[in-house]
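The values are calculated or read from the model by the stated rules, or taken from the named source; none is laboratory data. What you are looking at is a predicted structure, and each value in this text was computed from that prediction instead of being measured. In this analysis, Cβ positions are derived from the backbone assuming ideal geometry, glycine residues included, and neighbour counts consider all displayed protein chains.
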Amino acid sequence: MFSPAQSGANAYARVGVETGVMGASPHKLIVLLYQGARQAIAQARMHLQAGNVGPRCEAIAKAIRIVESGLQLALNVEAGGEIAQRLNSLYSYMTKRLLEANIKQSETMLVEVDGLLATLEEAWLGIAPEVARMAEQSSASAPGSLMR
């Protein structure tokens, strides 16, 4: 089905992703989840346009898993207050829309969810400098640190 070169390239890509995840900060992991969900939606749109039902369903299921088991489960609703509660509701809405998109074969719904994820990803990337500054301050004040 696949040539040895394709299998090797796929294995190389998997190792690259796994290595990137293992060395990623919590902030970067969320970025990777947003990117993964958006990539799955892009694949679902491609399969929808081509009429490939099985692969479309698989891609949408992958996007749903990323939203539910990755982004939504990463929320700390108690500590995150109103923002976390709103994100939780938004992730539930996205999951519902992805399910509807699959049932109704709606590219419009897929585009809607992708747009929501893109907006959140952009905002998350926008706070990266602040997250880095806070991490630097935290490590500088940690016991055993060379700096104070």
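I want to confirm something. Restricting to the stretch 16-25 and keeping residues that are surrounded by 10 or more Cβ atoms within 10 Å (Cβ to Cβ) and not β-branched (Val, Ile, Thr), which single residue is modelled with the highest pLDDT?
My answer is Ser25.
Against the condition exposed (fewer than 13 other Cβ atoms within 10 Å of the Cβ) and modelled with pLDDT under 95, how does Ala132 come out, does it pass? Even if it seems obvious, please write down each step before you answer.
Values: exposed (fewer than 13 other Cβ atoms within 10 Å of the Cβ): yes; modelled with pLDDT under 95: yes.
Yes.
Per-residue answers, yes or no, for (1) touching a residue at least 24 places away in the same chain (Cβ under 8 Å); (2) within 14 Å of Arg38 (Cα to Cα):
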| position | (1), (2) |
| --- | --- |
| Asn52 | no, no |
| Cys57 | yes, no |
| Ile64 | yes, yes |
| Leu75 | no, no |
| Ile83 | no, no |
| Asn88 | no, no |
| Leu99 | yes, no |
| Lys104 | no, no |
| Asp114 | yes, yes |
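Identify the residue in the stretch 80-107 that is of a type in the set (Ser, Thr, Tyr) and surrounded by 12 or more Cβ atoms within 10 Å (Cβ to Cβ) and, among all such residues, is nearest to His27 (Cα to Cα). For the stretch 80-107, the residue satisfying everything is Tyr91. Scanning the stretch 108-117 for residues that are surrounded by 13 or more Cβ atoms within 10 Å (Cβ to Cβ) and either of a type outside the set (A, V, I, L, M) or under 14 Å from the mean Cα position of the chain (by Cα) (or both) returns Glu112, Val113, Asp114, Leu116, Leu117. Within the stretch 52-67, the set of residues being surrounded by 20 or more Cβ atoms within 10 Å (Cβ to Cβ) and charged (D, E, K, R) comprises just one member, Arg56.
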